[in-house]
Every structure is written in structure tokens, then in C-alpha cells.
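The values are calculated or read from the model by the stated rules, or taken from the named source; none is laboratory data. None of the values given here were measured: they were computed from a predicted structure. Positions of Cβ are backbone-derived with ideal geometry, glycine not excepted, and every protein chain shown enters the neighbour counts.
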Amino acid sequence: MWVDAATGVLGSLVIAIWSVGLLRQSAAVLLDAERAGAVRAEVCAALESDGHTRIVDLHLWSIGVGRMAALIAVVSTDPKPPSHYRARLKSVEGLVHITVEVNPA
């Protein structure tokens, strides 16, 4: 009799440990914990390197496996069309959908 109860407790412990690991992995993916920081740094470096442009708002989110979207608001003393800023982000791997709002300084 006790073997059946012990097996049930052992099985529930294995499932509990597995589910905690699964929750940690899922949370990291859903919150873009691994890639968003690196992509954010690349976006900032690509856009702010000219000395005229400053990012005032940047939102990144995952839209698929290895694919991210960005909503970016910039202020520039030498404003260019949004296509100019999107072209500067071509080197950022995985960034496939970019919306840019340009505001003059």
C-alpha cells in the first residue's frame, strides 16, 4: 500500500520540478529577456552614432522565433525621413518590422 503512495508523491515532485523549469524558460522567452538587451544596444548604437540623433522611446517585442519588431521615436537636430533610420537598422539581426517616428529637436 505505501509503495503506491510513495510513487505518487515521487511522481508529483518530478512533475513539479519540471514545471518550474518550464515556467522559467517560458517567462524568459515571453519577456524577451535574452535577446532584447542585445538588440536594444545594437539599435541604440546604430541610430545614435551620428551625433545628431537621440532615441527618446524604444519598444522591442518578439513576433516569432528569432524575429523582433521595434517601435522607435527619435529626436534629431538634422531630421531625415523614417526610411533613412530603418536603413541604418538593416544590420540588426532579427529585427524585421520597424516603425520610426522622427521629431525635430
- line: The lone condition Val74 fails out of (1) modelled with pLDDT of 95 or more; (2) farther than 19 Å from Ala105 by Cβ is (2)
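Restricting the search to region 55-79, which residues are in contact with a strand residue (DSSP E or B) (Cβ under 7 Å, 6 or more places away or on another chain) and either basic (Lys, Arg) or at positive phi (or both)?
First, the residues of region 55-79 that are in contact with a strand residue (DSSP E or B) (Cβ under 7 Å, 6 or more places away or on another chain): 55-63, 67-76, 79.
Correct list: Arg67 only.
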- prompt: Using beta carbons and a limit of 7 Å, which pairs, at least six apart or on different chains, have the first residue in region 47-66 and farther than 16 Å from Arg86 by Cβ and assigned by TED's automatic domain parsing to the domain that holds Tyr85 and the second one modelled with pLDDT of 85 or more and assigned to a loop (DSSP other than H, G, I, E, B)?
  reply: His52/Thr77; His52/Asp78; Gly66/Gly94
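So how many residues does region 33-46 have that are more than 9 Å from the chain's Cα centre (by Cα) and touching a residue at least 24 places away in the same chain (Cβ under 8 Å)? Break it down stepwise before answering.
At the first step, the residues of region 33-46 found to be more than 9 Å from the chain's Cα centre (by Cα) are 41-46.
Applying the additional criterion that residues be touching a residue at least 24 places away in the same chain (Cβ under 8 Å) yields 42-43, 46.
Result for region 33-46: 3.
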Residues satisfying the stated conditions in region 34-54, i.e. under 16 Å from Val92 (Cα atoms), of a type in the set (Asp, Glu), in a loop (DSSP other than H, G, I, E, B) and at pLDDT 85 or above: none
- line: Within region 1-33, residues surrounded by 10 or more Cβ atoms within 10 Å (Cβ to Cβ) and not in a helix (DSSP H, G or I) come out as Leu31, Asp32, Ala33
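Could you list, in sequence order, all residues of region 55-70 that are part of a strand (DSSP E or B) and loosely packed, with under 15 Cβ neighbours inside 10 Å? Outline the logic, then answer.
Our first condition is that a residue be part of a strand (DSSP E or B); within region 55-70, this holds for 55-64, 67-70.
Once the filter is applied, which keeps residues that are part of a strand (DSSP E or B) and loosely packed, with under 15 Cβ neighbours inside 10 Å, region 55-70 yields Val56, Asp57, His59, Trp61, Ile63, Gly64, Arg67.
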